[in-house]
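The values are calculated or read from the model by the stated rules, or taken from the named source; none is laboratory data. In this text, all values refer to a predicted model and were calculated from it rather than measured experimentally. Methodologically, a virtual Cβ is constructed for each residue, glycine included, from the backbone with ideal geometry; neighbour enumeration extends over all protein chains shown. These area figures cover heavy atoms from the full protein model, side chains too; ligands, DNA and RNA do not enter into them. Shrake-Rupley method; radii C 1.70, N 1.55, O 1.52, S 1.80 Å.
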Amino acid sequence: MTEGLIHRKEAVAATRGCVIESLDTGLRLMGLFLTHDTLTVSGAAELLGVGRSTAHRVLFTLEGRGFATRDPSGRGYAAGPELMRLGRPAGFGTALRARLGDVLEEAARRTGETVQSAVLIGDRVLVTDGRESSRPVRVVLEMSRTHPAHATSGGKLLLSRMTTDQVCALYPQERLPAATPRTLTSRAALLEELAEIRGLGHAVSRGESVSGLHAVAVPLGGAGPRDRLALTASAPADRGGDAALAELAEQLRRSAALLDRADPP
């Protein structure tokens, strides 16, 4: 057994000359997001045993490719949407998914519509799980797809749980991109709506992300970035009027309460 271990170490040592150091550093840095919500440049450099300039270049490159994103606080980086597609960072593993499964099943039963759980990654919202409606005309569930946060009910709900300064850091420009003709296109209008959402406790999107699709979202999960989720229900516009969306929000709140009851003491 000892002899086999020696041979293995020799084999690893023999292949070190083939390692692309910058790629190896980037892969190791992405691995850190499995156990860290955010990473600063200096923190990443210390954990990886590299210089700050190297850590900065790697984080900058990962950000450019969507594998990392600037934290809203401006003090570090978090896992980006592309990394979320490949594997769930801390807090989005099988244990949480199992707990959310019961909530999603209940929400789908209560609402009769397609329901989803979503997380905020930078200025994008990512669907982490969901259940599709059984109605003949329904919204199709699109797993692991991202949308502009300011154009979706789930994204706006999660943005409303941030401070104004954090939102402004996330959206440094006044002009916001439009996904449809109904999308909010100014930061001032977004901030005004986020204030309303804080008072209401739910958010709506009326054709702002996809024309003809209306949606509503309520909070789901805890206060930290790892478990801060939104629970959404989406319906075709012809059955997603104001009264219907208000009723959907109430049913989603009742379903979301199951997660609190399932939490360990």
Query raised in the report: Assuming residue 137 fulfils every condition listed in (1) part of a loop (DSSP other than H, G, I, E, B); (2) at pLDDT 85 or above; (3) open to solvent by less than 30 Å² (accessible area, probe 1.4 Å) apart from one, which condition is it?
Result: (3)
**Report entry** Any hit, segment 135-146, residues being touching a residue at least 60 places away in the same chain (Cβ under 8 Å) and hydrophobic (A, V, I, L, M, F, W, C)
**Finding:** yes
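For segment 148-265, give me every one of the helices (runs of 4 or more DSSP H) that falls completely inside it and has 3 or more residues that are open to solvent by 20 Å² or more (accessible area, probe 1.4 Å) and over 26 Å from residue 33 (Cα atoms). Outline the logic, then answer.
Values: elements: 153-159, 164-170, 187-200, 242-262.
Result: 187-200, 242-262.
Of these, 90, 79, 45, 14, which one is modelled with pLDDT of 90 or more and of a type outside the set (Phe, Trp, Tyr)?
Working: 90 fails: modelled with pLDDT of 90 or more; 79 fails: modelled with pLDDT of 90 or more; 14 fails: modelled with pLDDT of 90 or more.
Only one candidate passes the filter, namely 45.
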Report task. Quick one: residue 151 ticks every box in (1) modelled with pLDDT of 95 or more; (2) out of contact with any Asp or Glu (no Cβ under 9 Å at 6 or more places or on another chain) except a single one, so which number is it? Result -> (2)
Query raised in the report: Which pairs do you get when a residue that is closer than 14 Å to residue 67 by Cβ and open to solvent by 60 Å² or more (accessible area, probe 1.4 Å), found in segment 30-43, comes within reach of a residue that is modelled with pLDDT under 80 and assigned to a helix (DSSP H, G or I), reach meaning Cβ atoms under 9 angstrom, with the pair 6+ apart or on two chains?
Result: none
